[in-house]
1. Quick check on the range 128-150: of everything there that is among the small types (Gly, Ala, Ser) and within 19 Å of the chain's Cα centre (by Cα), which residue is nearest to LEU95 (Cα to Cα)?
2. Please enumerate the residues belonging to the range 76-112 that are closer than 17 Å to ARG157 by Cα and either open to solvent by 20 Å² or more (accessible area, probe 1.4 Å) or not assigned by the TED database to the domain that holds VAL146 (or both).
3. Would you mention how many residues in the range 139-158 are part of a helix (DSSP H, G or I) and free of Cβ contacts under 8 Å to residues at least 12 places away in the same chain?
4. Out of curiosity, is THR266 among the β-branched types (Val, Ile, Thr), at pLDDT below 60 and not in a helix (DSSP H, G or I)?
5. Just to be sure I understand, how many residues within the range 36-57 are farther than 19 Å from ILE109 by Cβ, surrounded by 12 or more Cβ atoms within 10 Å (Cβ to Cβ) and over 50 Å from the mean Cα position of the chain (by Cα)?
6. Here's a check for you: in the range 150-173, which residue that is out of contact with any strand residue (DSSP E or B) (no Cβ under 8 Å at 6 or more places or on another chain) and open to solvent by less than 80 Å² (accessible area, probe 1.4 Å) is nearest to PRO104 (Cα to Cα)?
7. Residues that are modelled with pLDDT of 90 or more and under 24 Å from ILE122 (Cβ atoms): list the strands (runs of 3 or more DSSP E) wholly contained in the range 45-89 that include at least 1 such residues.
Amino acid sequence: MAAQFFNRIGQLGLGVAVLGGVVNSALYNVEGGHRAVIFDRFTGIKENVVGEGTHFFIPWVQRPIIFDIRSQPRNVPVITGSKDLQNVNITLRILYRPIPDQLPKIYTILGQDYDERVLPSIAPEVLKAVVAQFDAGELITQREMVSQRVSQELTLRAKQFGFILDDISLTHLTFGREFTLAVEMKQVAQQEAEKARFVVEKAEQQKLASIISAEGDAEAAGLLAKSFGEAGDGLVELRRIEAAEDIAYQLSRSRGVAYLPSGQSTLLNLPSTIAQ
């Protein structure tokens with residue numbers, strides 16, 4: 001009796017374990033920020049998109065395919081040409097995510113690696129078409145406009161494939177070696193031109209100063225001539241007295257200078273006195 005009881009318990013436990021395994025194999029989880037598409041072996045991809053949470057499916061008949069619908073970054077490097085035929089190296093940074101309602105179509109047409117199939121194709125095409133409308137200089141001065149044009153065109157193209165571009169930016173923009181050398185030579189030429197203009201302006205200022213100085217000297221000479229004509233020798237005598245006063249003042253401040261009274265020859269007559 002006891003053996004039958006334990007046998008029944010064992011069978012029941014085995015049944016529960018098998019049932020639990022079957023139930024567990026029929027469950028799948030959809031994490032936050034993800035969606036699932038169900039592939040049926042008989043009907044193919046189902047149109048409904050499964051949201052977050054734990055869900056049932058028929059083992060061996062159905063298979064859940066999980067998609068990440070959060071924004072993901074991707075860098076797309078592109079080498080293209082500008083309107084003036086300059087080589088341009090541009091790196092485009094894109095934040096993209098699939099449209100949840102479009103996941104069955106995306107999987108049917110493109111597969112789970114839809115970004116690998118679409119972005120490397122449409123990003124260079126749109127970027128080359130936009131960059132070709134601008135000169136090399138405009139790509140630098142109007143970079144924001146170029147980015148907006150690329151964003152508008154690329155967003156429309158991506159929407160056709162069932163995903164959204166949250167952000168598009170030009171993170172890297174360089175030109176070919178020839179253009180870089182041309183820019184450097186242009187800067188050197190501009191600096192040389194500025195230097196030459198400064199030299200010319202300086203010469204003109206010096207010339208103007210010389211003219212003004214000559215005009216001042218001529219005016220002063222005319223005034224002196226006029227004064228001589230009106231005052232006669234009196235003005236000359238006044239200038240002589242002023243000059244004598246200035247010389248006397250300078251001599252008075254100099255050491256080793258002796259003054260002899262006028263009309264006396266004290267020291268000069270010493271040799272004659274000694275001779276007597």
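1. Across the range 128-150, the extreme among qualifying residues is SER147.
2. If the condition is that a residue be closer than 17 Å to ARG157 by Cα and either open to solvent by 20 Å² or more (accessible area, probe 1.4 Å) or not assigned by the TED database to the domain that holds VAL146 (or both), then ARG93, LEU95, ARG97, ILE99, GLN102, LYS105, ILE109, LEU110 are the ones that fit.
3. Result for the range 139-158: 6.
4. So THR266 fits the description; yes.
5. 2
6. Per the stated criteria, the residue is PHE161.
7. Result: 62-68, 72-81.
The values are calculated or read from the model by the stated rules, or taken from the named source; none is laboratory data. Just so it is clear, the structure is predicted and the values come from calculations on it, not from any experiment. Cβ: placed from backbone, ideal geometry, glycine included. Neighbour counts: every protein chain shown. In case anyone asks, the SASA skips ligands and DNA or RNA and just uses the protein heavy atoms, side chains included. Shrake-Rupley method; radii C 1.70, N 1.55, O 1.52, S 1.80 Å.
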